[in-house]
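Structure, as structure tokens:
Please treat every number below as a calculation from the coordinates, not as lab data. Computed from a predicted structure; not experimentally measured.
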Amino acid sequence: MMLEALTLPFFQRVLIAGLLASLACGVLGTFIVAKRISSISGGLAHAAFGGVGLGYLIGISPMLGAAGFGVLSALAIGLGARRMGAGLDTWISILWALGMALGIVFVALTPGYVPDLMSYLFGSLLFVSWHYVLLVGVLDLAIAAVVLCLFKELQAVSFDEEFSEVMGLPVEKLFLALLVLIALGIVTLIRVVGVILVIALLTVPAAIARHWTADLRRMMVVAIAVSVACTSAGLLLSYSLGNPSGAALSLPPGPLAILLAVALYALSGVARRVAGRG
């Protein structure tokens, strides 16, 4: 079944897109979980939806609008939490609600039928083009370049901001850079897996990795491996449940991948608990 699926051109494209998305989610998700800001993925994903609606309204690319909204929301959350108080979760909730509300209003004001709107909420992995696969590949390269250049600094900020400030690191700038990188990653990936599913891909694999190691490098490796495994298994399971001719996938692979990841998280938690007792 697997060899048969790999011979299909559309399946090869979808698989490559899923694997590239898994790399981005594994790296960014590790920082999110290490810094204990899991809600940021949901906040920025929903805030970016405001940009999607604005793009439809004024006739520009919805992805361009989402990128603008995502970056501005990331900066607003970071600066608001650090300079204006009220806490990070409060600012995330505010931008989360604001982005979704604006997106709905903008879509309602858009004349005529709004195409592909649901794909931004739930993703359209099966219809990803090679152009978009290339875009996700560029995102992976950008993430890798930033992480390689600033790994020690980002690691310090993720685990202990106060100590980082004592050491003279530009904590605010590093934190804002991390949030902007997460925002751009989310904006790029929502076209593949959707606003809703990207939240899980950014948190669940990294949370599984956190069960077994506190080392940031190892967490990234495990998170990427888990994300790749769940994405690939979701695609293969979707294909195996398709029609007899194999011409289409009957169940969306994105949700299947998330269900597998959540099930693996539960099993990992139980195994970790048993191992701790042993």
#### Entry: GNM result for the chain, Cα springs below 10 Å: residue of 149, 25, 230 fluctuating most strongly
149
### Message
On a full-extension model of 0.36 nm per residue, what is the gain between residue 149 and residue 36, subtracting their alpha-carbon distance, rounded to one decimal in nm?
### Response
38.4 nm
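Give me the extension gain from residue 159 to residue 142: residue separation times 0.36 nm, minus the current Cα-Cα distance, reported in nm with one decimal. Walk me through the numbers on the way to the answer.
Numbers: separation 17, 0.36 × 17 = 6.12 nm, distance 2.27 nm.
Net length gain for the segment: 3.8 nm.
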### Task
Please list the equivalent ellipsoid semi-axes of the chain, computed as the square roots of five times the alpha-carbon gyration tensor eigenvalues, in descending order and whole angstrom.
30, 26, 16
### Task
Compute the Kirkwood hydrodynamic radius of region 30-70, taking the inverse of the mean of 1/r over all pairs of distinct Cα atoms, and give it in Å to one decimal.
10.7
### Summary
Along principal axes, largest first, the alpha-carbon spread of region 138-278 in whole Å comes out as 62, 44, 22
### Task
Once every Cα of region 137-211 carries one equal point scatterer and solvent is ignored, give the base-10 log of I(q)/I(0) from the Debye formula at q = 0.14, 0.17, 0.18 Å⁻¹, two decimals.
-0.54, -0.77, -0.85
### Query
Among 105, 128, 228, which one shows the biggest mean-square fluctuation in a GNM of the chain, springs joining Cα atoms closer than 10 Å?
105
